[in-house]
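No lab work stands behind these numbers, since they all come straight from the coordinates. What you see is a predicted model; the values in this text were computed from it and never measured. We place every Cβ from the backbone using ideal geometry, glycine too, and count neighbours over all the protein chains shown.
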Amino acid sequence: MPETSRGRAHIPILRTMEAPCQFRPKTDPMSTARKRRKGSMERRTFVIEAGKAFAVVIGALYLIGCSSSTSSPSTVADVTSTSTTVNGHTRSVNVPASDQLHPTDTTYTSSTSLSHTHMVTLTAAQLATIASGGSVTVTSTASTVTGIHQHDFTFQGKES
């Protein structure tokens, strides 16, 4: 054996070549993780699905409302009536849907022309008739500005 300067024998080490790498198919690390965790989903998928559910919940809350009210949306619309022509002029009166939905005896003021107006009173029963789509005819108060006269108004209920 050859000797080194220190007096020890030098033993050569033979290195052997490792066996060449065998072919291993590459696998997606996420697919491996998914196989390990059955029933779980990726964060991206969760966020997308949660976003869809959020829109559905908001839509449902809009439809049913957040209050304790059990009433459904109104199908009643405002009603405007134009009067009969008297002394060369007509009048108009508007009855809001809110008055029809909560009927109480109500007096309305007609439109103004020729420096005067007329008053029209509808009873709670007449407002309820209009709200249900029926027709009501009433006569206004009298005016003396252009001669003593009154106007007739026919209110025809309608659904919006």
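Laid out as a table, the results:
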quantity	calculated
Length added when fully stretched, residue 46-residue 112, from 0.36 nm per residue minus Cα-Cα	17.4 nm
The range 79-156, Cα convex hull volume normalised per residue, Å³	68 Å³
Contour excess over end-to-end distance, with Cα ends at residue 94 and residue 121 and 0.36 nm allotted per residue	8.5 nm
Cβ-based exposure ranking for 158, 52, in which fewest neighbours within 10 Å come first	52, 158
Computed over the range 79-156: relative contact order in percent, which uses C-alpha pairs under 8 Å that are six or more apart	32 percent
Net charge over other residues, Cβ less than 14 angstrom from the Cβ of residue 122 (K, R count +1; D, E count -1)	-4
